[in-house]
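Asker: To start, I am sharing the structure in question, which I have written as structure tokens.
The values are calculated or read from the model by the stated rules, or taken from the named source; none is laboratory data. Predicted model, so just to flag it, every value in this text is computed and none were measured. In this analysis, Cβ positions are derived from the backbone assuming ideal geometry, glycine residues included, and neighbour counts consider all displayed protein chains. In case anyone asks, the SASA skips ligands and DNA or RNA and just uses the protein heavy atoms, side chains included. Shrake-Rupley method; radii C 1.70, N 1.55, O 1.52, S 1.80 Å.
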Amino acid sequence: MSSSPVWHPFHQHGLGEDIPLVMRGEGAVLHTADGRRVIDAISSWWVTTHGHNHPRIMAAVREQTEKLDQVIFAGWTHEPAETLARGLVEMMPDGLDHVFYSDSGSTAVEVALKMALGYWHNREEPRHRILVLEHSYHGDTIGAMSIGARGVFNRAYAPLLFDVSTVPFPADDPQPTFDALEAACAVGDIAAFIVEPLLLGAGGMLTYPPQVLAEMRAICTRHGVLFIADEVMTGWGRTGTLLACEQAGVTPDILCLAKGLTGGSMPLAVTMATAPIFDAHYSTDRSKLFFHSSSFTANPVACAAAVANLAIWREEPVLDRIGTLSQRLGVVLDNLSQRREVIRPRQCGTMIAFDVDSGGDEGYLADIGPRLRAHFFANDVLIRPLGNTVYTMPPYCIAQDDIDRVAAVMASGIDLCVG
């Protein structure tokens, strides 16, 4: 039994694995209590964009703590939330004119689902089903689990989950996806279709091209089905552009953002919606208001961090950094792809991934996963394989020497765990 009372997420304490104590972070590096310098090759679960403890973001946080720490947001407001909302409306695609705050990607998705269902309810139209993409993952709250792929992530909680309709993942041939989406939307009871644009994260770092995203959006538009883009992971440059949707020329009806919203420094999320979604809840009838909140909605300190993040995007060459990093990671993937054990190599912006052919099980619980993770940790690299899927998605500031080190440790891990 562990001496610590902390119950860690996605961690099997019964295996007795070491849990390092992190003391500080700087750029793409974490420093542990035992003096180790660990390369954060997955941006601490895909959140850290510009680097740990970015000076501009940290300065904004310190300044805000001297002004206002927290205030109720139901019927009250504050300057960081107002500034951030205006900045987001200016930065995001035209039409996403309304910003609703929450505190995580999962809750941003819950908000999106409730917005969509509230839209149809207030319009007195009988649309109530949610349509999802195969292999999706949208979070661990009840609604988010319900619209995620069914399996080990949520098997124990099946009695709590509501039914959804699923369309197949657009693999080599997207036509079955289009046909299934068209047929489902034509029934007339679909309220919304939710997708992770271009890149499915926890489902195995699966990728699909922008033209597929564009066609899925077009099908929803033809049938009046609301289109929800979950850009919690793909947003803020991960796929090479500010939003993944940009590459397809798509504007969703509802957009979910979190993780990199504050540069990864503070928990904050937004769900952005078009005017028709907001207008369906706008009334003199109090029963039609949007019934959702949490105690820390639009926390001022977190909003101040996000305002600083937007300033970095406006004033610094972030996309140039992303382009350079994408090229460097592409070289790493090309080199690793020469190995016979590396199959299905893929890249989407600053994410590269491949599956390891170990001759054993595949999937999230593949035995090779823990062995690879242990090897990476032993060599001071933070990577959490998704079963036999290995990937890296580092902060945009990572140095070339550290990229080379990550590549070398990946290669040696394959040799050790497969050979």
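Asker: For segment 69-148 and segment 213-232, write down the distance between their C-alpha centroids in whole Å.
Answerer: 16
Asker: Could you state the angle between the C-alpha long axis of helix 55-65 and the longest principal axis of the C-alpha atoms of the chain, as a value from 0 to 90 degrees rounded to the nearest 10?
Answerer: 50
Asker: What FRET efficiency would be calculated for the residue pair SER293, GLN400, taking the C-beta separation as r and a Förster radius of 51 Å, to the nearest 0.05? Write down the numbers at each step before the final one.
Answerer: Values: r = 45 Å, r/R0 = 0.89.
In this case the efficiency is close to 0.65.
Asker: HIS223 to GLN327: extension gain in nm, 0.36 nm per residue of separation minus the Cα-Cα distance? Could the numbers behind the result be given before it?
Answerer: Details: separation 104, 0.36 × 104 = 37.44 nm, distance 3.93 nm.
Result for the pair: 33.5 nm of gain on full extension.
Asker: Could you order LYS67, LYS259, LYS114 so the one with the most accessible surface comes first? Probe is 1.4 Å. Present the calculation step by step, with values, prior to reporting the outcome.
Answerer: Values: LYS67 135, LYS259 55, LYS114 80 Å².
If we order LYS67, LYS259, LYS114 from most to least accessible, we get LYS67, LYS114, LYS259.
Asker: Mind pulling up the Rg/Rh value for segment 276-317? Radius of gyration and Kirkwood radius, both on Cα. Please list the in-between numbers first.
Answerer: Values: Rg = 16.1 Å, Rh = 13.2 Å.
Here Rg/Rh amounts to 1.22.
Asker: Also, quick follow-up: Residues with beta-carbon under 13 Å from that of VAL318, excluding VAL318: net charge, scoring Lys, Arg +1 and Asp, Glu -1?
Answerer: On the way: positive: ARG56, ARG238, ARG314, ARG321; negative: GLU315, GLU316, ASP320.
Once all neighbours under 13 Å are counted, the net charge is +1.
Asker: For the chain, with a Gaussian network of springs between Cα atoms less than 10 Å apart, report the residue from GLU215, GLU110, GLU66 with the top mean-square fluctuation.
Answerer: Residue with maximal mean-square fluctuation among GLU215, GLU110, GLU66: GLU66.
Asker: Can you tally the net charge around MET205? Count Lys and Arg as +1, Asp and Glu as -1, for every other residue whose Cβ sits under 14 Å from the Cβ of MET205. All intermediate terms of the calculation are to be shown ahead of the outcome.
Answerer: On the way: positive: ARG238, ARG344, ARG346, ARG384; negative: GLU196, ASP355, GLU362.
Around MET205, the charge tally is +1.
Asker: Around ASP18, under 12 Å between beta carbons, what's the net of Lys plus Arg minus Asp minus Glu among the other residues?
Answerer: The answer is 0.
Asker: I need the semi-axes of the equivalent ellipsoid of segment 47-109: take the C-alpha gyration tensor, multiply each eigenvalue by 5, square-root it, list largest first in whole angstrom.
Answerer: On the way: eigenvalues 87, 65, 35 Å².
Square roots of five times the eigenvalues give 21, 18, 13 Å.
Asker: Using just the alpha carbons, could you tell me how many Å³ per residue the convex hull of segment 272-342 encloses? Each step should come with its number before you reach the end.
Answerer: On the way: hull volume 16.1 nm³, N = 71.
That works out to 227 Å³ per residue.
Asker: Which distance in nm do the two modelled labels at GLU246 and ASN53 give, with both placed 7 Å along the Cα-to-Cβ direction?
Answerer: Spacing of the two 7 Å Cα→Cβ label points: 3.0 nm.
Asker: Another one. When the accessible area of segment 350-419 is split by element with a 1.4 Å probe, what percent falls to carbon and sulfur?
Answerer: Details: 1260 of 2570 Å².
Taking all protein chains in place, segment 350-419 shows 49 percent carbon and sulfur surface.
Asker: Take the Cβ-Cβ distance between GLU26 and ALA275 as r, set R0 to 51 Å, and report the resulting FRET efficiency rounded to the nearest 0.05.
Answerer: Numbers: r = 43 Å, r/R0 = 0.84.
Result of the calculation: an efficiency of 0.75.
Asker: Quick one: compute a quarter of the convex hull surface over the Cα atoms of segment 54-168 and quote it in nm².
Answerer: Numbers: hull surface 43.2 nm².
Quarter of the Cα hull surface area: 10.8 nm².
Asker: For a paramagnetic label modelled at 7 Å from the Cα of TRP76 toward its Cβ, which residues of segment 285-304 fall within the zone defined by backbone nitrogen distances under 12 Å?
Answerer: 296-297, 299-300
Asker: Taking every alpha carbon pair in the chain, what does the distance histogram look like in 10 angstrom bins from 0, in percent?
Answerer: 4, 21, 32, 27, 13, 3, 0
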